[in-house]
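Below: the structure, in structure tokens.
The values are calculated or read from the model by the stated rules, or taken from the named source; none is laboratory data. Source: prediction; values computed, not measured. Reconstructed Cβ throughout: ideal geometry from the backbone, glycine too, with neighbour counts over all protein chains shown. When the accessible area is computed, the model is the full protein with side chains, heavy atoms only, and any ligands, DNA or RNA have been set aside. Shrake-Rupley method; radii C 1.70, N 1.55, O 1.52, S 1.80 Å.
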Amino acid sequence: MAQERNWSQNHVFAAARIHRPASIDEARHLIAAAPKIHAVGSRHSFNGIADSGGEMIDLGAIDPDFVIDRDAMTVTFGANTQYGPLCATLQSHGYALHNTASLPHITVIGAVATGTHGSGDANGTLSTAVAGLELIAPNGDLVAVRRGEADFDGAVVALGALGIVTRLTLDILPSFDLRQDAFVDLPWETALAEFDAISSAAYSFSMLTKWTSPSVDRLWLKTVVVDGEPREVSAAGFGATSVATPFVAGGLEDSAALVTTFGGIPGPWSERLPHFRPDGPPGPTAQVQSEYMLPRPQAGAALSALREIGDSIDPHLIASEVRTMAADRLWLSPAYGRDTVAIHFTWEMKPAEVAAITQQIEDLLLPLGGRPHWGKIIHADAGRLAPLYPRLPDFRALAARYDPDGKFRNAFLDRHVFG
Ligand SMILES: Cc1cc2nc3c(=O)[nH]c(=O)nc-3n(C[C@H](O)[C@H](O)[C@H](O)COP(=O)(O)OP(=O)(O)OC[C@H]3O[C@@H](n4cnc5c(N)ncnc54)[C@H](O)[C@@H]3O)c2cc1C
């Protein structure tokens, strides 16, 4: 195979080939015949999580076949559908998802499998919307797992280790409108002292900053709008100033044309929850990312510790983003068992410098309970990660039952999950 890479080009896939079957039956035959195989989505992860020492399989060519169940309030569709078409389909029928990530280009199963998240104190990760899934087992059989069944909490955020997921069923809501507002210069003292008040001030919240900035560079609030209200969203109480544009000088300002509408203009959830528009790229590809999910009570200590090493971070940083998410019950979810604050870093493509600083940050944040994002740069091996995931032994047992010969195992899983 010509050397295929992930989206950011920082990982060359080792797999001999990537299959793109046109039907679930074709996928079942391929999987049954392969000694070793792993699923890949839209390749937006920044590590080898989707790679395989054998072959890879991408179900993105299979028709999504959207089925909306208005009584159950669910939608069922092909797992490798991207959020862009899913969100547009739901909105056109008057329905919504509870949340999205920053970009609509990723596949739904790619997001679900890694515990990908958006923001909002009351919003679980995107994986928490899953009500059921269907996967292809190593022998090609189809297996269904539904919420409430014994395996379910281990089978959703599964990193591709249990099988190749063909169809997903997600909870849906009635469609709703949101507005996005940007503010500048939120004083650090306020951000730290009133973090809970600020993060709960809107449906979804983000603080975007560099660490040596004298104040938090930007605050983004996504607020639900009902019958045109609220007409204004004020962050004056937090000492920040309202601005019309979402980006700051020296950061991602060149990407302003790529983002969804700000300036307090109401619009459907599908065009406000993602930061990026579906019809353009989600920022420059010359970037890599890392992120840590902290128990909420440790957020202040983590933010302060990062500011102390800001001089080492900022020379290689494009921007950081702080978001929140509600606790869940999914065993390998970054929010398992605890309300969570996520601290994210978008880095310039400087491999040696970024390897050094991300290791330093990981050494600071792991002892505070920080769980690394499964789809981004991770240094810690399974031994260091194990104390952060109380259900990891159960997940390993589940994987041994679903995949006894390790057909879906890869180098990433061996290093970071199974040990
Ligand atoms: C620009 C950018 C912005 C991002 N923003 C966010 C953000 O806002 N929030 C956040 O949390 N993360 C974010 N991420 C990270 C991203 O959401 C995750 O890396 C996600 O897993 C990528 O999904 P993907 O479709 O590209 O899957 P891939 O990276 O291709 O694969 C990820 C995982 O999904 C599994 N998988 C794929 N298909 C299947 C299948 N059919 N069956 C079983 N397993 C499968 C793979 O095996 C692998 O384990 C961002 C990444 C980028 C590049």
(request) Considering (1) within 16 Å of the ligand (Cβ to nearest atom); (2) open to solvent by 30 Å² or more (accessible area, probe 1.4 Å), say which one ALA193 fails and leave the rest. (result) (1)
(request) Quick one: count up the residues across region 366-415 that are within 16 Å of the ligand (Cβ to nearest atom), free of Cβ contacts under 8 Å to residues at least 40 places away in the same chain and touching a strand residue (DSSP E or B) at 6+ places or on another chain (Cβ under 8 Å). (result) 1
(message) Restricting to region 342-365, name every residue that is open to solvent by 10 Å² or more (accessible area, probe 1.4 Å), touching a residue at least 60 places away in the same chain (Cβ under 8 Å) and closer than 27 Å to SER199 by Cα.
(response) THR346, LEU364
(request) Tell me, yes or no, whether region 310-317 has at least one residue that is of a type in the set (Gly, Ala, Ser) and within 30 Å of ASP141 (Cα to Cα). (result) no
(request) Of all residues in region 1-24, count the ones that are more than 9 Å from the ligand (Cβ to nearest atom) and either more than 20 Å from THR166 (Cα to Cα) or small (Gly, Ala, Ser) (or both). (result) 15
(request) Could you please find all residues in region 102-120 being of a type in the set (A, V, I, L, M) and buried (at least 24 other Cβ atoms within 10 Å of the Cβ)? (result) ILE106, VAL108, ILE109, ALA111, VAL112, ALA113
(request) Could you please give the count of residues in region 271-304 that are surrounded by 19 or more Cβ atoms within 10 Å (Cβ to Cβ) and within 15 Å of the ligand (Cβ to nearest atom)? (result) 15
(request) Read through the list (1) open to solvent by less than 10 Å² (accessible area, probe 1.4 Å); (2) over 30 Å from LEU413 (Cα atoms), then give the number of the only condition that ASP177 fails. (result) (1)
(request) Read through the list (1) in a helix (DSSP H, G or I); (2) under 24 Å from VAL40 (Cβ atoms); (3) charged (D, E, K, R), then give the number of the only condition that ARG409 fails. (result) (1)
